[in-house]
1. Residues that are within 27 Å of L428 (Cβ to Cβ): find the helices (runs of 4 or more DSSP H) completely inside the range 210-309 holding 2 or more of those.
2. When the residues of the range 176-200 are narrowed to those that are within 30 Å of R342 (Cα to Cα), touching a Lys or Arg at 6+ places or on another chain (Cβ under 9 Å) and without any contact (Cβ under 8 Å) to a residue 60 or more places away in the chain, which ends up surrounded by the most Cβ atoms within 10 Å (Cβ to Cβ)?
3. Test D473 against the stated conditions and say whether it is assigned by TED's automatic domain parsing to the domain that holds E382, out of contact with any strand residue (DSSP E or B) (no Cβ under 8 Å at 6 or more places or on another chain), more than 9 Å from the ligand (Cβ to nearest atom) and not basic (K, R).
4. Within the bounds of the range 379-389, is there any residue that is within 14 Å of the ligand (Cβ to nearest atom) and either at pLDDT 90 or above or within 22 Å of G116 (Cα to Cα) (or both)?
5. Any residue in the range 216-237 that's in contact (Cβ under 8 Å) with a residue 60 or more places away in the chain: show its pairings with residues that are hydroxyl-bearing (S, T, Y) and assigned to a helix (DSSP H, G or I) at Cβ separation under 9 Å, as long as the two are six or more apart or on different chains.
6. Looking only at residues in the range 320-361 that are under 16 Å from D273 (Cβ atoms) and in the same structural domain as Q164 (by TED's automatic domain parsing), which one is surrounded by the fewest Cβ atoms within 10 Å (Cβ to Cβ)?
7. Quick one: which of V203, V165 is over 17 Å from R138 (Cβ atoms) and either under 24 Å from the mean Cα position of the chain (by Cα) or surrounded by fewer than 18 Cβ atoms within 10 Å (Cβ to Cβ) (or both)?
8. For the range 80-135, give me each residue that is more than 17 Å from the chain's Cα centre (by Cα) and among the β-branched types (V, I, T).
Amino acid sequence: MAAEREKHSKKERFKERDYSLSGGSEGAIALDEDRLEDRVEEVWWSPDIPRKNLRAFMQRSDGPALWHFGLWIVLLAASGYLVVLSWGTWWVVLALLVYGTIYSSSDARWHECGHGTPFRTRWLNVVFYHISSFMTLREAYMWRWSHSRHHTHTIVVGRDPEIQVKRPADLLSLVLDFFYLRGGPTEIGRIVRNALGRPNSDVRDFVPDTERYKMFWSSRIYVAIIAGFGVWSIAIGSFLPMMFVALPRFYGGWLHQLLGLTQHAGLAENTYDHRTNPRTVHINPVFRYLYMNMNYHLEHHMLPAVPYHALPRIHEAIKDQTPRAYVSLWDVYREMVPALIRQATKDPDYHIERSLPQPIQVEDQVLSESSDTSAMSGNWVEVCDADDLDEEDVVRFDHNGNTYAVYRLKGDDFYATDGLCTHENTHLADGLVMDGIIECPKHNGRFEISSGKAKSLPVRVDLRTYPAERRGDKVFMCVTD
Ligand code: FES
């Protein structure tokens with residue numbers, strides 16, 4: 001009888017779990033369409049970094065990314081040329097391996113440009129985002145929304161559409177994905193469905209109705225380009241054209257999978273603490289270049305507005321507050337592989353526990369908080385000393401239960417807006433001020449500071465603005481209902 005009960009409970013534990021977005025989501029923050037009813041950033045653990053230091057880490061410039069992407073294009077073109085030269089000989093195997101590996105590193109470029117962080121010039125991020133989205137077979141509009149959700153609900157079952165290793169772990173699929181044989185067909189299926197205007201229920205869950213037409217048209221373009229290369233291959237009776245588009249993501253995907261598994265596999269589900277579900281691992285400089293420093297994955301999840309080139313520096317700045325970084329890929333795999341085998345064969349609930357450093361007192365970085373009527377005149381309220389705000393700077397200001405963001409652009413040009421992002425209520429004062437724009441630190445949505453206008457997805461609702469000005473050595477804002 002006991003043996004029978006044990007068999008039954010084991011069967012229950014190994015039953016396929018519902019990871020769909022329309023399924024269960026116990027413990028997750030409630031959603032109202034794509035917005036949160038709660039303040040998610042106040043739920044996630046966050047590191048203690050002085051505001052000015054964080055601002056320095058978030059700074060953008062085109063220089064590093066122009067060199068980075070320029071070299072990538074040269075490597076891609078040179079290895080592609082070697083494929084053409086060696087076609088028909090055994091040397092082509094080596095040439096394809098090199099070309100396919102570089103081509104598949106488009107996935108890291110898709111990711112970074114989707115966050116809008118590598119280049120300061122916005123259109124460069126957009127152009128490279130669309131090119132690399134196509135190369136890595138992640139339709140650009142759908143994945144923009146999907147990835148926002150991933151950052152809000154990292155590895156929360158029923159909320160995160162990007163959980164790579166579901167439980168019980170499917171080991172065969174993980175191995176097949178070294179050649180993109182599990183994820184690839186799924187992705188192509190979604191592109192075809194979206195091109196036909198028939199997204200599946202998960203996609204309908206995270207892509208707002210008003211944005212779907214972009215996803216449909218973009219998917220149709222993907223299908224047309226791939227079909228065009230297919231027709232070309234048939235017309236000339238050679239696989240060569242297809243070896244340059246779409247297929248490289250399969251035959252060259254090994255490195256992407258090798259590095260990608262280190263991000264979250266085997267770690268905790270349903271925890272609002274980025275110290276426990278992404279990893280940081282040290283890898284060699286060539287892999288780091290191809291992977292655009294995404295091996296600093298823990299830091300990336302905590303601070304997604306920090307560009308790829310600043311991640312090693314921010315790792316150094318907060319490493320005392322986070323679990324230890326793995327010293328090598330071997331260091332990760334020797335712990336992760338047994339954990340995944342255990343999840344697959346013995347205990348699907350098992351996960352690797354990260355050992356956390358001693359908690360430190362995290363200061364709420366409100367520069368100023370006022371309910372002191374002596375500092376008020378009419379609806380004007382004193383915010384802070386003018387010297388507390390540099391040019392292109394922002395501070396959080398809490399007053400009478402409301403949160404505002406107060407900005408200084410050039411000279412004595414002060415502005416104030418609501419303090420919470422209209423997408424998912426993140427504090428804008430933790431974001432980056434650049435060229436009259438405030439970029440939200442959570443999903444990099446942008447608002448024009450002077451008008452509060454929503455300028456780029458995923459934000460779609462404008463911010464309310466308030467008058468602000470300098471009076472002597474102080475900054476004041478006018479608080480209105
Ligand atoms: S919370 Fe998503 S862009 Fe601000």
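1. Numbers: elements: 212-236, 248-251, 254-264, 285-291, 297-302.
Of the helices (runs of 4 or more DSSP H) lying wholly inside the range 210-309, those with at least 2 residues that are within 27 Å of L428 (Cβ to Cβ) span 297-302.
2. Of all residues in the range 176-200, those within 30 Å of R342 (Cα to Cα) come to 176-187.
Subsequent filtering for residues that are touching a Lys or Arg at 6+ places or on another chain (Cβ under 9 Å) retains 176, 180, 184, 187.
Pick out the ones that are also without any contact (Cβ under 8 Å) to a residue 60 or more places away in the chain and you get 176, 187.
Values: L176: 16, E187: 18.
Out of the qualifying residues, it is E187.
3. Numbers: assigned by TED's automatic domain parsing to the domain that holds E382: yes; out of contact with any strand residue (DSSP E or B) (no Cβ under 8 Å at 6 or more places or on another chain): no; more than 9 Å from the ligand (Cβ to nearest atom): yes; not basic (K, R): yes.
Criteria not met by D473.
4. We begin by selecting, within the range 379-389, every residue within 14 Å of the ligand (Cβ to nearest atom); these are none.
Looking for residues that are within 14 Å of the ligand (Cβ to nearest atom) and either at pLDDT 90 or above or within 22 Å of G116 (Cα to Cα) (or both), one finds none in the range 379-389, hence no.
5. Listed pairs, sorted by first residue: S218/S133; S218/Y141; S219/Y141; Y222/S133.
6. Just the residues of the range 320-361 that are under 16 Å from D273 (Cβ atoms), to begin with: 321-324, 351-360.
Remaining after also requiring in the same structural domain as Q164 (by TED's automatic domain parsing): 321-324.
Values: Q321: 19, T322: 20, P323: 16, R324: 11.
Top of the filtered list is R324.
7. Numbers: V203 fails: over 17 Å from R138 (Cβ atoms).
Answer to the selection: V165.
8. V83, V84, T89, V92, V93, V98, T101, I102, T121, V127, I131
The values are calculated or read from the model by the stated rules, or taken from the named source; none is laboratory data. Keep in mind that this is a model prediction, so the values were computed, not measured. Cβ: placed from backbone, ideal geometry, glycine included. Neighbour counts: every protein chain shown.
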